[in-house]
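Asker: Handing you a structure now.
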Amino acid sequence: MSQWEKKLNKIDDYRWEIPKDYKPGMRVPGLIYASEAMLKSILEEQSLEQVANVAFLPGIVQHSLAMPDIHSGYGFPIGGVAATTVKDGVISPGGVGYDINCGVRLLRTNLTEEEVRPKIKELINELFTNVPSGLGSEGKIRITERELDKVMIKGARWAIEHGFGFSEDLEVTEEEGCLDGANPEKISTKAKKRGIPQLGTLGSGNHFLEVQVVSEIYERDIAKVMGIDQVGQVLVLIHTGSRGFGHQVCSDHLRIMEVVVQKKYGISLPDRELACVPINSEEGKDYLAAMACAANYAWTNRQCITHWTRESFVKIMGKSLSELGMKQIYDVAHNIAKMEKYSVNDKDLTLCVHRKGATRAFPAGHKDIPQRYKRVGQPVLIPGDMGRCSYIATGTDKAMRESFGSTCHGAGRAQSRTAARRSLRGAEVARELESRGITVKTGSISSLAEEASQAYKDVTDVVEVAHQAGISRKVAMAVPIGVIKG
């Protein structure tokens, strides 16, 4: 039995607690969502230690949380959630991550698999041509630094104003595609130089554009509200973030916080990667203003890609947009920190909720979700790996009470990228996917090994834990028939 198995308290079949006395200095317990089988693999890596370390953050309330897709990250685990009080808490860039507002957008169509399958190769080729992707990829949009400032302030609305989509897309985007408080003056010249050429690009790594087919519908009434009408219906999932721009924003502000966290603010932490500052400090306000700029860049990025995705479908399917019915279901961030209100120990508090590899999961009736979803709850988009499936779920009241309106964000890695490359070959992965009817296009065939199904947990297991724990509710499942990987 490992030290963790001795230390963890089992709450029920899907929740486990790291007691507050595990380490002197923990301010709250840790709470892990996992099945017993899943927990065995989690015990083998460092992510639980990271959950305990996050519990040291000043101002943290209730729990340091870990979603079932947890794996090790920078400072915070990926799949980590923590809420700190605005009054006396801190903001930690490690709790947001380097790819600020990495997130997903889901489109529905009127098309069926029967219509799309004969043209899937042609469609994927067109999408690959139309949507720039790959490491260091540069976009088709040419903007000046002054125009980039407008992107940072306006977010996805900038894209709509420039003809990339429709205002109704904003209605079904988290924060309507624009986080308040963005200030381009808090962005370095280096970050701007990285951001200017990459607007409107998919990127590399685990970013993708996927043509999917609905394979299961669990909640027909809720699915219908989202525009998901039948098994066999074609959907499109877009997964990308703020690219090199967001990475540089994170790096710039981490460098500042690493210097002042102890020297200026006297904050002692068990891991230097948890560098943080008080939310209301000058450095804290600067980071939040810069993070909002990167978040807005990411929403603009996904909006532009949505436009080119629609163009590609029109061209290859030979139908108008209205005939295709390519409406946006939702767009949600996976890496972000937001000011939200919760009741904790019967007190109403404004909290800074760090979600790093976690999805906002607000319930029916919540004031911050679109009017069309008020009755059913916020759509939760949970992509899996390119060889299995993805899920659409909704938020719940229990998530509001227990996980700060949060749930899992994907499958979660089971192998590091290095380990995956050692054990697999990209060409073999591509052939295996093709044999199962999944067309794949990538700029780097070798990188497919890093994204193979074997490198990830099974998203079905992850989603089932969140569903059984009550922090999100399954609505539908979709499987890939065509994938673009950067």
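Asker: With the checklist (1) buried (at least 24 other Cβ atoms within 10 Å of the Cβ); (2) assigned to a loop (DSSP other than H, G, I, E, B) in hand, flag the one item Asp88 doesn't pass.
Answerer: (1)
Asker: For the range 290-363, please list each of the strands (runs of 3 or more DSSP E) lying entirely inside it that holds at least 3 residues being within 30 Å of Leu57 (Cβ to Cβ) and of a type outside the set (A, V, I, L, M, F, W, C).
Answerer: Counting at least 3 such residues, we get 335-344, 347-356.
Asker: Still on this structure: Just one of Leu324, Leu269 is under 24 Å from His162 (Cβ atoms), over 26 Å from the mean Cα position of the chain (by Cα) and at pLDDT 95 or above; which is it?
Answerer: Leu324
Asker: Out of Lys374, Lys367, I need the residue that is more than 23 Å from Ala295 (Cα to Cα), free of Cβ contacts under 8 Å to residues at least 24 places away in the same chain and more than 14 Å from the chain's Cα centre (by Cα). Which one?
Answerer: Lys374
Asker: Within the range 222-232, identify whether any single residue is surrounded by 19 or more Cβ atoms within 10 Å (Cβ to Cβ) and of a type in the set (S, T, N, Q), and answer yes or no.
Answerer: No: zero hits.
Asker: A further question on this structure: Among the numbered criteria (1) farther than 23 Å from His71 by Cβ; (2) among the hydrophobic types (A, V, I, L, M, F, W, C); (3) buried (at least 17 other Cβ atoms within 10 Å of the Cβ), which one does Ala399 miss?
Answerer: Every listed condition holds for Ala399 apart from (1).
Asker: If you go through the range 422-453 one residue at a time, how many are in contact with a helix residue (DSSP H, G or I) (Cβ under 7 Å, 6 or more places away or on another chain), surrounded by fewer than 18 Cβ atoms within 10 Å (Cβ to Cβ) and assigned to a helix (DSSP H, G or I)?
Answerer: Final tally of qualifying residues: 3.
Asker: Regarding Arg105, is this residue surrounded by fewer than 20 Cβ atoms within 10 Å (Cβ to Cβ), among the basic types (Lys, Arg) and either in contact with a Phe, Trp or Tyr (Cβ under 8 Å, 6 or more places away or on another chain) or farther than 24 Å from Asn206 by Cβ (or both)?
Answerer: Judged against the criteria, Arg105 is not a match.
Asker: Failed condition for Tyr74, given (1) in a helix (DSSP H, G or I); (2) in contact with an Asp or Glu (Cβ under 7 Å, 6 or more places away or on another chain), with all others met?
Answerer: (1)
Asker: With the checklist (1) touching a His at 6+ places or on another chain (Cβ under 9 Å); (2) more than 28 Å from Asp385 (Cβ to Cβ); (3) at pLDDT below 95 in hand, flag the one item Pro197 doesn't pass.
Answerer: It fails just one condition, (1).
The values are calculated or read from the model by the stated rules, or taken from the named source; none is laboratory data. For clarity, every value in this text was computed on a predicted model and none was experimentally measured. Virtual Cβ from ideal backbone geometry, glycine too; neighbours counted across all protein chains shown.
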